[in-house]
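S.K.: Shown below is the structure under consideration.
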Amino acid sequence: MRLLLAACLAVLLAAATALAAGETVFVTVKKVSIRKDRQFYAPVVAEAAFRERLTVLAREKDWARVRLNGVEGWVHVSATAATAVSVSAKDAAGGISQDDVAFASKGFDGAVEREYRKGAPQADFADVDRMELLTVSEKTLADFRRAGHLSTRGDKR
Amino acid sequence: MSGGQGCRGHLAAALMLAVLAGCSAAEFKDIGHKAARTGETIADQAAVQGSALAADTAAHGKAVAKTTTKALRKGFADLTPQEEYYIGRAVAARILGIYRPAEDPEATRYLNAVGLALAQASSGPETFDGWHFMLLDSDEVNAFAAPGGFIFVTRGLYQSCRTEEQLAAVVAHEVGHVTLRHGLAAIKTSRLTEAFAIIGTEAVKEFTGADLARITAAFAGTIDDIIDQMVSLGYSQRQEYAADAESGRIAWRAGYNPAGLAEFLGTLQAKAVKADKKGFFSTHPPAADRLAKVETLLAAEKLVGETDPVRTARFSKIR
């Protein structure tokens with residue numbers, strides 16, 4: 001019984017690995033750090049920009065081990081989106097085109113915001129721009145956590 | 001082809017093609033933010049994709065793409081992180097049209113450090129432009145969470161906290177509203193149906209002025225829906241309890257004492273007696289009910305921690 005269970009687990013693991021191998025995901029955020037380990041406080045080995053394509057090598061919890069330009073590391077899955085299949089003959093032959101990526105992300109965007117601003121004098125976008133400048137560097141955050149004796153608990157999400 | 005064996009054969013072929021094709025596609029499936037699709041939807045998607053692969057001209061492929069977009073984008077769960085960001089910016093702009101930012105750089109830096117430590121321990125740490133936390137110059141005891149990670153805390157709420165754990169609990173509650181997408185859930189489905197229909201139809205060319213006007217109208221309605229819910233009506237009690245539960249989990253994972261929320265709610269409960277039902281008091285369930293539920297959750301999930309005096313000391317110094 002134990003052997004059978006082990007065999008089933010091995011088959012499932014192999015299937016999961018096969019699915020992950022060669023899988024491609026796209027970056028859905030402006031910029032994402034690729035890290036040495038699957039946690040936010042691990043060193044950064046590379047950075048990927050919006051719409052950049054990453055090859056997925058493995059998945060664990062909410063993290064994916066990816067390769068970008070020969071560099072391997074971990075990204076949190078909330079920074080990526082999977083894709084399903086090509087939509088044109090060109091794509092079927094050679095992968096996705098930049099046009100199609102643009103198509104996939106078209107929607108509420110900067111052009112819509114510019115139009116919206118014309119009819120929304122009660123909205124203060126200048127202060128939102130200021131708010132976006134409120135960021136915390138990796139070093140500052142690490143120092144803050146260390147000084148406050150904060151260490152993460154639970155599994156690495 | 002319709003029904004029977006032929007249809008099953010087509011679906012099987014489509015599924016196989018989808019697996020073989022792996023993951024090159026035009027349609028984003030947001031893993032981190034979106035709920036899992038139903039089997040039916042996945043099967044529909046595979047069938048459409050199979051048709052697309054069978055096409056031998058780009059034009060046909062694009063036509064199928066339109067259908068795919070229409071079929072897949074139905075509600076707020078289908079918004080991309082980029083769209084969520086632009087919605088969040090506009091919601092934040094409306095909030096900042098009502099409240100002014102507090103000019104307190106030290107407290108703002110501190111709030112952002114606490115907030116980011118918590119956001120990184122949440123279920124949705126990566127947002128399109130990162131997380132940003134702003135202190136508002138108001139005595140009202142209130143906080144707001146705009147989609148995409150724009151969090152606001154009034155000075156009144158900030159000063160009602162007695163420890164860093166309590167502040168962390170309040171901020172984690174707002175982070176929970178974002179990761180659980182409560183703001184986006186306020187959008188009337190018809191707004192998105194309208195926008196997605198235009199976006200889907202015009203996917204392969206530039207929008208005309210009329211299209212942009214219609215999308216902008218849907219966008220404006222979207223922002224109104226969220227502002228109405230967030231500022232006037234308040235989230236449902238179920239959403240508030242869910243954000244409280246998420247607050248406990250996030251605070252615990254970040255290394256804080258998850259009892260911070262219970263402690264803060266105790267303070268809130270005392271204040272609510274004298275409060276004029278504005279802000280945090282009018283848009284949240286009774287503090288006593290929340291307190292009871294939070295304590296039950298912490299016990300059930302065995303979330304325990306300690307309040308390190310070093311954190312309380314730095315909070316008192318900055319406050």
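Rule-based calculations on the coordinates, nothing more; no lab input. None of the values given here were measured: they were computed from a predicted structure. Here Cβ is always computed from backbone atoms with ideal geometry, including for glycine, and neighbour counts include all displayed protein chains.
S.K.: How shielded is B:107-114 by partner chains, expressed as the average number of their Cβ atoms within 10 Å of its Cβ atoms?
M.R.: 3
S.K.: Restricting things to Cα coordinates, could you compute the convex hull volume per residue of the range B:143-224 in Å³?
M.R.: Convex hull volume per residue, Cα atoms: 110 Å³.
S.K.: Would you mind giving the mean number of other chain beta-carbons within 10 Å of the Cβ of each residue in B:217-226, as a whole number?
M.R.: Per residue, the number of nearby Cβ atoms from other chains is 3 on average.
S.K.: Taking the range B:163-198, which GluC sites (Glu not before Pro) meet the DSSP loop condition and have no more than 13 other C-beta atoms within 10 Å?
M.R.: none
S.K.: A follow-up question, please. Long-range amide H contacts for A:W63: which residues qualify at under 5 Å (H placed 1.01 Å from N, peptide plane, sequence gap of 5 or more or a different chain)?
M.R.: Residues meeting the amide H criterion: A:V77.
S.K.: Now for a different question. Please compute the modelled spin-label separation between B:A299 and A:T140, points set 7 Å along Cα→Cβ, answer in nm with one decimal.
M.R.: Result for the modelled spin labels: 4.1 nm.
S.K.: Could the peptides B:218-228, B:250-260 be put in order, highest first, of the mean number of other beta-carbon atoms found within 10 Å of their residues?
M.R.: Sorting B:218-228, B:250-260 by mean packing, highest first, produces B:250-260, B:218-228.
S.K.: Next up: Can you sort A:S78, B:S236, A:S33 by how many other beta carbons sit within 10 Å, fewest first?
M.R.: The order, fewest Cβ neighbours first, is B:S236, A:S33, A:S78.
S.K.: With 10 Å bins from zero, work out the P(r) of the range B:80-232 over every alpha carbon pair and list the percent per bin.
M.R.: Values per bin, smallest distances first: 11, 38, 31, 14, 6, 0.
S.K.: Run the quick spin-label model on A:V44 and A:A111: label points 7 Å from Cα toward the beta carbon, then report their separation in nm to one decimal.
M.R.: The answer from the label model is 3.1 nm.
S.K.: I need the peptides B:261-267, B:208-214 ranked by packing, meaning the mean over residues of other C-beta atoms within 10 angstrom, with the highest value on top.
M.R.: Result, highest mean Cβ count within 10 Å first: B:261-267, B:208-214.
S.K.: Past 30 Å, Cα to Cα: identify those pairs from A:K36/B:K74; A:K31/A:K61; A:K118/B:K74; A:K30/B:K293; A:K36/B:K188; A:K139/B:K293, in the order given.
M.R.: From A:K36/B:K74; A:K31/A:K61; A:K118/B:K74; A:K30/B:K293; A:K36/B:K188; A:K139/B:K293, over 30 Å: A:K36/B:K74; A:K30/B:K293; A:K36/B:K188; A:K139/B:K293.
S.K.: What is the set of long-range amide H partners of B:A102 at a cut-off below 5 Å, with H atoms built 1.01 Å from backbone N?
M.R.: B:L135, B:L136, B:D137
S.K.: Taking every residue in A:73-79, how many Cβ atoms of other protein chains lie within 10 Å of its Cβ, on average?
M.R.: Mean partner shielding for this stretch: 5.
S.K.: Excluding A:L68 itself, what net charge comes from residues whose Cβ is under 15 Å from its Cβ, given Lys and Arg +1 and Asp and Glu -1?
M.R.: Spelling it out: positives minus negatives among the neighbours equals +3.
S.K.: Please give the peptides A:124-131, B:120-127 ranked by average Cβ packing (other Cβ atoms within 10 Å per residue), highest first, as a rough proxy for protection.
M.R.: Answer by packing, highest mean first, reads B:120-127, A:124-131.
S.K.: Roughly speaking, what is the stretch gain from B:T267 to B:E106, that is 0.36 nm per residue apart minus the C-alpha to C-alpha distance, in nm to one decimal?
M.R.: Difference between extended and current length: 55.5 nm.
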